[in-house]
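What follows draws every value from the coordinates through simple rules; no lab data is involved. On a predicted model such as this, the values are computed, not experimentally measured, just so you know. Methodologically, a virtual Cβ is constructed for each residue, glycine included, from the backbone with ideal geometry; neighbour enumeration extends over all protein chains shown.
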Amino acid sequence: MEVAAAKALGAGIAVIALFGVGLGIGNIFSSLITSVARNPAARDVVFPIGILGFALTEAVALFALLIAFLILFA
Amino acid sequence: MAVEEKTIDALSQFELVPLLGPIGGSVNFTQSNGFMLLAIGLISALFVIGMKPRAVVPGRLQALAETLYEFVLGLVTSQVGEEGRRYFPFVFTLFMFILFGNMLGMLPYAFTYTSHIATTLTLAIMVFLVTTIVAISIHGRHFFGYFFPEGAPLWLAPIIIPVEVVSYLSRPISLSIRLFANMVAGHVMLKVFATFVVLLGSLGVVGVPLALLPLSINVALVGFEFLVAFLQAYVFAILTCIYLHDAVHLH
């Protein structure tokens, strides 16, 4: 049972990366909102970049999730 | 704990099953390959049938085909520049293949072929080889200058060159894992919430109203997954364009 417990703990520790991802995604969208609010004309230029940044940051969360899955099931 | 025998089985949806009986089994023709062929057929049908009228004012199918075409063309020309037009067919093919794979996977009982690392890594390695070959064929041996930016002090070379080489070589890995992990995580999440609905619903009168909560979350998640399905195809295409930009212009 110690191995199972250690696996559960390890999977939990692996997703601590979500802390940074949460900060990052919040930061991206707050900057996006600020820039669009300051210059609404720039929306079409800024929006795809923001979405790209969101997707790249979200990938970090998924890497952590993948590690958690590997610990739990592999 | 009363429903101990019913566990959350979120990963069995990714198992490959041979199709077409013994003939398909002998060549390992799985449902993944089947959906790839279906996607190719649908994409070809969309562009062959959709573009048949060649109307000035497009109908619905023609408008869809033209929108997708112009979307990717805008992506390529804005990222790589006008000389990137010659790589447009490559990026467009990748984008449509991944988009249809992700979108077909959202249909009930369908299989998402992009949820397998074998598929995404093959695509990513192809992108990696194409960008490297393009870079070497355009720049020759100047391509290796990519790993050491001009103007950097020479004593930094032992640090910069390994970092640049590693970051260059890790491109196919991050490109493939991003797509694969997004698709797997999305489908696992849907399956987990769907299992919550079944487990709560099996509790009887108390469970059924409670089961509405994960059900409504699942409805919202399906919408979110459609967004992710498009977004990941877009991200794969735009990163391919960025790598092509590096290959064509070297920084």
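Taking a point 7 Å out from the Cα of A:Phe47 in the direction of its Cβ, the residues of the stretch B:52-77 whose backbone N falls within less than 20 Å of it are B:64-77.
Sorting A:Lys7, B:Lys191 by the number of Cβ atoms found within 10 Å of their own Cβ, with the fewest placed first, yields A:Lys7, B:Lys191. Less than 5 angstrom separates the built amide H of B:Leu19 from those of B:Phe29, B:Thr30, B:Gln31, all sequence-distant by 5 or more or on a different chain. Stokes-Einstein diffusion for the stretch B:182-251, with the hydrodynamic radius set to the Kirkwood value over Cα pairs and evaluated at 25 °C in a medium of 0.890 mPa s, equals 170 µm²/s. Working note: Karplus 6.51/-1.76/1.60 with θ = phi - 60° gives the stretch A:22-36 the couplings x, 4, x, 5, x, 5, 4, 6, 5, 5, 4, 5, 4, 5, 5 Hz, where Gly and Pro are set to x. Here the label points at B:Phe224 and B:Leu203, each 7 Å from Cα along the C-beta direction, are separated by 2.2 nm in the simple model. Each residue, B:Ile8 and B:Ser170, gets one label point 7 Å from its Cα in the Cβ direction; the gap between the two is 3.0 nm.
Remind me, what semi-axes does the stretch A:2-73 give for its equivalent ellipsoid, largest first in whole Å, using sqrt of 5 times each Cα gyration tensor eigenvalue?
Working: eigenvalues 259, 22, 4 Å².
Gyration-tensor ellipsoid for the stretch A:2-73: 36, 11, 4 Å.
Which FRET efficiency, nearest 0.05, do B:Ile23 and A:Phe73 yield, Cβ-Cβ r, R0 30 Å? Provide the component values of the computation, followed by the final result.
Working: r = 32 Å, r/R0 = 1.08.
E between B:Ile23 and A:Phe73, to the nearest 0.05, is 0.40.
From the Cα trace of chain B, what convex hull volume per residue do you get, rounded to a whole Å³? Considering the Cα atoms of chain B, their hull volume per residue is 209 Å³.
The relative contact order of chain A, computed from alpha carbon pairs under 8 Å that lie at least 6 residues apart in sequence, is 54 percent.
Legend: P(r) of the protein assembly as shown from all alpha carbon pair distances, 10 Å bins from 0, whole percents, reading 5, 19, 29, 27, 14, 5, 1, 0. The mean sequence distance of close C-alpha pairs (under 8 Å, at least 6 residues apart), as a share of the length of the stretch B:1-128, puts its relative contact order at 22 percent. Taking a span of 18 Å or more along the helix axis (Cα atoms) and a mean Kyte-Doolittle hydropathy of at least -0.5 as the rule, the DSSP H helices of chain B that qualify are B:31-50, B:60-79, B:88-105, B:117-139, B:171-201, B:207-249. Using C-alpha pairs under 8 Å with a sequence gap of at least 6, the mean separation divided by the residue count of chain B gives a relative contact order of 25 percent. Residues B:Tyr146, B:Tyr234, arranged from fewest to most other Cβ atoms within 10 angstrom of their Cβ, appear as B:Tyr146, B:Tyr234.
Quick check: residue separation of B:Tyr109 and B:Ala194 times 0.36 nm, minus the Cα distance between them. What number comes out in nm? Don't jump to the answer; show the numbers that get you there.
Values: separation 85, 0.36 × 85 = 30.60 nm, distance 1.38 nm.
Fully extending the segment from B:Tyr109 to B:Ala194 adds 29.2 nm.
Ranking of A:Val15, B:Val48, B:Val188 by neighbouring Cβ atoms within 10 Å, starting from the fewest: B:Val48, A:Val15, B:Val188.
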